[in-house]
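Enquirer: My questions all concern the structure below.
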Amino acid sequence: MKTSQAWRVGMADMQILPGPRHRPPLRRPMWIIILVLLVTLFLICAYMYPPQSSAACYVFSSRGCMSITDWLPPAPAREFTDEELASHVVIKDILNSPPILSHKSKIAFMFLTPGKFSVYVHASKEKPVHVSRYFVNRDIRSDQVIWGKISMVDAERRLLAYALQDPDNQHFVLLSDSFQDPGPHGNGRYSEHMLPEIEKKDFRKGAQWFSMKRQHAVIVVADNLYYSKFRDYCK
């Protein structure tokens, strides 16, 4: 009896280990997948159809958005000086005037090239006299020209002035046999003394060659306001 009772007590004190649980398969978080798809679709649409409002452009940078400076109010217009006002009136009147019609319109090449056109040469005094018929009575008064100096502009203005004497010349082309690259420091010649007529944002550098219509040639020859600024301060 004692043995049977002890066995029953022992069975009651034993812990029965639980068996393996059968967990259901993990469910995918569908809301995360849907959210990722929506965000991706939104970004694709924003890239293909760039926003145009300032708020949207502030959040999303896009090629179709304007820069922040485009949204700023325009700067107040600067009041022109008396010389600027007179110069603008002359330039506007020249550009609005009807061009002079000629039945023998020609191109004035202000250097050396053969063909059916006028030739005007600004030659060095040290060079021999031209013997070609294209250059007879075409040499103009010349002076020493230094690269990068105002003497180059003076020579060009003399060429234009001589070429403008022929009313049949409707187009003017300056040709040169050499070129010297001003390099990355060309804009460094700008001077604050050129203000207010010439602002730094309007300062440009480029090749000496040009091609222009008769109206623009007249403006270049008649101008004194901007020419004097470059002559006095662009060293």
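Enquirer: Pull out all pairs, ordered by first then second residue, where Cβ-Cβ is under 7 Å, the residues are six or more apart or on different chains, the first lies in region 189-208 and is in contact (Cβ under 8 Å) with a residue 24 or more places away in the chain, and the second is assigned to a loop (DSSP other than H, G, I, E, B) and among the small types (Gly, Ala, Ser).
Expert: Partner pairs satisfying both residue conditions: Gln208/Ser176.
Enquirer: Against the definition (within 26 Å of Gly206 (Cα to Cα) and either modelled with pLDDT under 60 or surrounded by 12 or more Cβ atoms within 10 Å (Cβ to Cβ) (or both)), how does Ala155 come out, yes or no?
Expert: It is true that Ala155 is within 26 Å of Gly206 (Cα to Cα) and either modelled with pLDDT under 60 or surrounded by 12 or more Cβ atoms within 10 Å (Cβ to Cβ) (or both).
Enquirer: Being assigned to a helix (DSSP H, G or I), surrounded by fewer than 12 Cβ atoms within 10 Å (Cβ to Cβ) and at pLDDT below 80, is that true of even one residue in region 94-114?
Expert: Within region 94-114, none of the residues are assigned to a helix (DSSP H, G or I), surrounded by fewer than 12 Cβ atoms within 10 Å (Cβ to Cβ) and at pLDDT below 80.
Enquirer: So which residues in region 187-235 are exposed (fewer than 11 other Cβ atoms within 10 Å of the Cβ) and among the acidic types (Asp, Glu)?
Expert: Across region 187-235, the qualifying residues are Glu192, Asp202.
The values are calculated or read from the model by the stated rules, or taken from the named source; none is laboratory data. All of these numbers come straight from a predicted model, not from anything done at the bench. Cβ atoms come from the backbone with ideal geometry, glycine included; neighbour counts cover every protein chain shown.
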